[in-house]
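Participant: One structure, pasted below without further comment.
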Amino acid sequence: MFDLISFIILVGLGYFIGTQIEKKHYASLKRREALYLQLPAVTAKNMLEERPIEKASLISGSAAISTDYFKTLLSGLRNFLGGEISAHETILDRARREAIVRLKEKAADADIILNLRIETSTVSLMGGAEVLAYGTAIYYKK
Amino acid sequence: MKFTPKTIEENVNVSPTSPVKDFFELILKILGIFLALYILLGFAVDYIAPRISEKTEAQFGALFNSIYEEQKLPDSEKTVQSIVDKLLSHNPSLPRFTYQTHLIESKKINAQAFPGGHIIIYTGLLKEMRSENELAMVIAHELGHFAHRDHLRGLGRGLVFLVFSTFLSGADSSVSRFIANSMTNAEMRFSQTQESAADSFALELLNKTYSHAAGATDFFEKMSLKYPAPRFFYIFATHPYPQRRIEALKNTIKEKHYLIKEKIPLSLPHQDVH
């Protein structure tokens with residue numbers, strides 16, 4: 001009985017706090033993405049303009065986002081029947097966008113970020129996600 | 001090429017489903033699957049129970065020996081066993097097991113049939129017995145469960161797993177032992193139809209053995225006096241209402257013109273019992 005109660009509390013906490021944190025995170029992502037909208041980050045290797053380059057440097061941004069108890073339970077249930085783990089999609093989406101935003105924050109003064117790559121790995125068995133974004137920041141001579 | 005920044009409002013990477021809806025949908029689906037399995041297992045028990053060979057059942061019996069291996073009252077056990085043997089000699093149609101009586105010290109007023117011909121009698125029941133005929137009726141009732149293979153059905157859905165594990169890994173494997181042990185926690189429950197069938201089997205065997213049917217209703221009458229309905233029901237929840245059983249037995253005695261003669265007094269050697 002005690003196990004069941006603590007289980008329900010954990011699931012409930014996971015859901016309410018997890019949803020709250022997610023909402024906040026999405027709001028912050030939206031704000032910061034708008035802030036760096038003018039800085040292009042592209043996957044192309046060569047999109048340089050005919051201008052002298054002052055600096056080119058490797059930049060990276062990474063983010064690790066954990067699941068909550070509710071999401072873990074939900075993906076566990078999903079494992080029984082198969083199908084899309086939609087509960088996990090927001091985790092990956094948030095990690096990906098957070099990593100790119102951090103990368104852009106690092107190179108806020110750059111003119112363009114070339115050769116942007118995104119990699120993901122599993123941080124813990126609980127189902128959190130780590131995303132690493134890296135690329136080349138190009139600074140033209142002013 | 002001109003770069004025109006643009007925010008993408010739509011997020012294709014996140015499904016628009018509600019996680020709560022998803023959660024309950026999954027729970028319902030999984031529960032549905034388990035429920036279907038549970039119901040199927042119920043049917044499987046009814047299918048399997050009459051088809052289990054006597055040899056396999058005897059092997060099952062060995063799995064439960066942790067319950068009755070302790071022999072604390074060997075003398076009384078011998079006396080009760082002699083009544084069992086007497087009954088057996090008058091019914092050749094029972095499954096061919098070595099029927100063994102096991103006495104267990106307990107206040108429970110009950111007797112149980114376990115796979116493989118093991119009859120468990122609690123000393124609480126023995127204390128209530130005043131005549132050999134009365135005890136013979138109770139034992140014959142348990143033999144009735146063996147004859148109808150109720151005790152296999154009574155093991156419930158675990159029986160299906162037990163049969164599988166016996167086929168796959170042998171009756172003496174740790175898996176079989178584990179399943180058997182987890183089954184003994186659940187008391188064997190029989191339906192009222194099964195109990196009534198065992199009652200009429202018992203009455204017939206009692207009459208055949210002693211050439212009269214005295215003592216057939218003694219135990220049930222005692223029980224209905226000792227525990228008026230509510231408490232009695234608590235102990236014998238699955239058994240038919242005692243009054244109805246007594247009436248059914250009395251009717252059969254009248255219909256078949258069974259004689260009622262002198263009962264044989266019961267003398268058990270162990271003083272704890274009396």
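The values are calculated or read from the model by the stated rules, or taken from the named source; none is laboratory data. If you're wondering where the values come from, they're calculated on a predicted model, not measured in any experiment. Here Cβ is always computed from backbone atoms with ideal geometry, including for glycine, and neighbour counts include all displayed protein chains.
Participant: How many residues, within region B:100-111, are under 16 Å from residue B:137 (Cβ atoms), touching a residue at least 40 places away in the same chain (Cβ under 8 Å) and touching an Asp or Glu at 6+ places or on another chain (Cβ under 8 Å)?
Facilitator: Within region B:100-111, the first condition is being under 16 Å from residue B:137 (Cβ atoms), and the residues that meet it are B:101, B:109-111.
Remaining after also requiring touching a residue at least 40 places away in the same chain (Cβ under 8 Å): B:109-110.
Now drop any that are not touching an Asp or Glu at 6+ places or on another chain (Cβ under 8 Å), which leaves B:109.
Looking only at that region, the number is 1.
Participant: Related question: Which one of these does residue A:101 not meet: (1) surrounded by 19 or more Cβ atoms within 10 Å (Cβ to Cβ); (2) away from chain B (no Cβ under 14 Å)?
Facilitator: Looking at each condition in turn, residue A:101 falls short on (2).
Participant: In region A:1-40, what residues are of a type in the set (Ser, Thr, Tyr), at pLDDT 90 or above and over 16 Å from residue A:63 (Cα atoms)?
Facilitator: A:15, A:19, A:36
Participant: Can you spot a residue in region A:84-95 that is more than 19 Å from residue A:23 (Cβ to Cβ) and not in a loop (DSSP other than H, G, I, E, B)? Show your work before the answer.
Facilitator: Of the residues in region A:84-95, the ones more than 19 Å from residue A:23 (Cβ to Cβ) are A:84-85.
When the remaining residues are screened for being not in a loop (DSSP other than H, G, I, E, B), the result is none.
No, region A:84-95 contains no residue that is more than 19 Å from residue A:23 (Cβ to Cβ) and not in a loop (DSSP other than H, G, I, E, B).
Participant: Of the residues that sit in region A:1-44 and are under 17 Å from residue A:96 (Cβ atoms) and among the acidic types (Asp, Glu), which one is farthest from the other protein chains (Cβ to nearest Cβ)?
Facilitator: Going through the qualifying residues, I end up with A:22.
Participant: Given (1) within 14 Å of chain A (Cβ to nearest Cβ); (2) touching an Asp or Glu at 6+ places or on another chain (Cβ under 7 Å), where does residue B:29 come up short, assuming only one miss?
Facilitator: Failed condition: (2).
Residues checked against (1) more than 27 Å from residue B:212 (Cα to Cα); (2) of a type in the set (A, V, I, L, M, F, W, C):
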{"position": "B:68", "(1), (2)": "yes, no"}
{"position": "B:72", "(1), (2)": "yes, no"}
{"position": "B:78", "(1), (2)": "no, no"}
{"position": "B:104", "(1), (2)": "yes, yes"}
{"position": "B:114", "(1), (2)": "yes, yes"}
{"position": "B:139", "(1), (2)": "no, yes"}
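Participant: List pairs: first residue in region B:4-23 and facing chain A (nearest Cβ under 7 Å) and part of a loop (DSSP other than H, G, I, E, B), second residue among the polar types (S, T, N, Q) and loosely packed, with under 13 Cβ neighbours inside 10 Å anywhere in the structure, Cβ distance under 6 angstrom, at least six positions apart or on different chains.
Facilitator: Pairs that qualify, where the first residue is facing chain A (nearest Cβ under 7 Å) and part of a loop (DSSP other than H, G, I, E, B) and the partner is among the polar types (S, T, N, Q) and loosely packed, with under 13 Cβ neighbours inside 10 Å, are B:5/A:38.
Participant: For region A:111-129, which positions are away from chain B (no Cβ under 13 Å) and within 30 Å of residue A:140 (Cα to Cα)?
Facilitator: Pass one, region A:111-129, residues away from chain B (no Cβ under 13 Å): A:115-117, A:119, A:121-128.
Selection gives A:115, A:116, A:117, A:119.
Participant: Right, another one. Pairs please, first residue from region A:33-46 and free of Cβ contacts under 8 Å to residues at least 12 places away in the same chain, second anywhere and loosely packed, with under 13 Cβ neighbours inside 10 Å and aliphatic (A, V, I, L, M), Cβ atoms under 6 Å, 6+ apart in sequence or on different chains.
Facilitator: From region A:33-46, no pairs qualify.
Participant: Follow-up. Restricting to region A:48-94, give me the number of residues that are β-branched (Val, Ile, Thr), touching a residue at least 60 places away in the same chain (Cβ under 8 Å), more than 7 Å from every other protein chain (Cβ to nearest Cβ) and surrounded by 18 or more Cβ atoms within 10 Å (Cβ to Cβ).
Facilitator: From region A:48-94, those β-branched (Val, Ile, Thr) are A:53, A:59, A:65, A:67, A:72, A:85, A:90-91; that's our starting set.
The next check asks that each one be touching a residue at least 60 places away in the same chain (Cβ under 8 Å); those that pass are A:53, A:59, A:65, A:67, A:90.
Remaining after also requiring more than 7 Å from every other protein chain (Cβ to nearest Cβ): A:53, A:59, A:65, A:67.
Still in the list and also surrounded by 18 or more Cβ atoms within 10 Å (Cβ to Cβ): A:59, A:65, A:67.
Qualifying residue count, region A:48-94: 3.
Participant: Considering region B:53-95 alone, what residues qualify as being in a loop (DSSP other than H, G, I, E, B) and in contact with a Phe, Trp or Tyr (Cβ under 8 Å, 6 or more places away or on another chain)? Walk me through it before giving the result.
Facilitator: The initial filter retains those residues of region B:53-95 that are in a loop (DSSP other than H, G, I, E, B), namely B:53, B:64, B:69-73, B:90-95.
If the condition is that a residue be in a loop (DSSP other than H, G, I, E, B) and in contact with a Phe, Trp or Tyr (Cβ under 8 Å, 6 or more places away or on another chain), then B:64, B:94, B:95 are the ones that fit.
Participant: Sort through B:76, B:82, B:89, B:66 and tell me the only one that's modelled with pLDDT under 75 and among the hydroxyl-bearing types (Ser, Thr, Tyr).
Facilitator: Details: B:76 fails: modelled with pLDDT under 75; B:82 fails: modelled with pLDDT under 75; B:89 fails: modelled with pLDDT under 75.
The unique qualifying residue is B:66.
Participant: If you don't mind, there's one more thing I want to ask. Scan B:34, B:60, B:23 and give me the residue that is among the aromatic types (Phe, Trp, Tyr), surrounded by 13 or more Cβ atoms within 10 Å (Cβ to Cβ) and farther than 23 Å from residue B:122 by Cα. Reasoning before the result, please.
Facilitator: Numbers: B:34 fails: surrounded by 13 or more Cβ atoms within 10 Å (Cβ to Cβ); B:60 fails: farther than 23 Å from residue B:122 by Cα.
Of B:34, B:60, B:23, the one residue that is among the aromatic types (Phe, Trp, Tyr), surrounded by 13 or more Cβ atoms within 10 Å (Cβ to Cβ) and farther than 23 Å from residue B:122 by Cα is B:23.
Participant: Select, from B:48, B:83, B:39, B:27, the only residue that is out of contact with any strand residue (DSSP E or B) (no Cβ under 9 Å at 6 or more places or on another chain), touching a residue at least 12 places away in the same chain (Cβ under 8 Å) and not acidic (Asp, Glu). If you could, list the steps in order and put the result at the bottom.
Facilitator: Values: B:83 fails: out of contact with any strand residue (DSSP E or B) (no Cβ under 9 Å at 6 or more places or on another chain); B:39 fails: touching a residue at least 12 places away in the same chain (Cβ under 8 Å); B:27 fails: touching a residue at least 12 places away in the same chain (Cβ under 8 Å).
On inspection, the qualifying residue turns out to be B:48.
Participant: While we're looking at this one, here's another question. Taking only region A:88-116 into account, find how many residues are of a type in the set (A, V, I, L, M, F, W, C) and within 17 Å of residue A:24 (Cα to Cα).
Facilitator: Start the filter on region A:88-116 by keeping residues that are of a type in the set (A, V, I, L, M, F, W, C), which leaves A:91-92, A:95, A:99-101, A:103, A:107-108, A:110, A:112-114, A:116.
Filter once more, keeping what is within 17 Å of residue A:24 (Cα to Cα): A:91-92, A:95, A:99, A:101.
Of the residues in region A:88-116, 5 are of a type in the set (A, V, I, L, M, F, W, C) and within 17 Å of residue A:24 (Cα to Cα).
Participant: Given region B:140-195, what helices (runs of 4 or more DSSP H) lie entirely inside it while holding 1 or more residues that are modelled with pLDDT of 70 or more and farther than 16 Å from residue B:116 by Cα?
Facilitator: Values: elements: B:150-154, B:158-169, B:174-184.
Ranges flagged: B:158-169, B:174-184.
Participant: Here's a follow-up. Which condition does residue B:80 not pass, out of (1) farther than 21 Å from residue B:144 by Cβ; (2) surrounded by 16 or more Cβ atoms within 10 Å (Cβ to Cβ); (3) not small (Gly, Ala, Ser), if it passes all the others?
Facilitator: The failed condition is (1).
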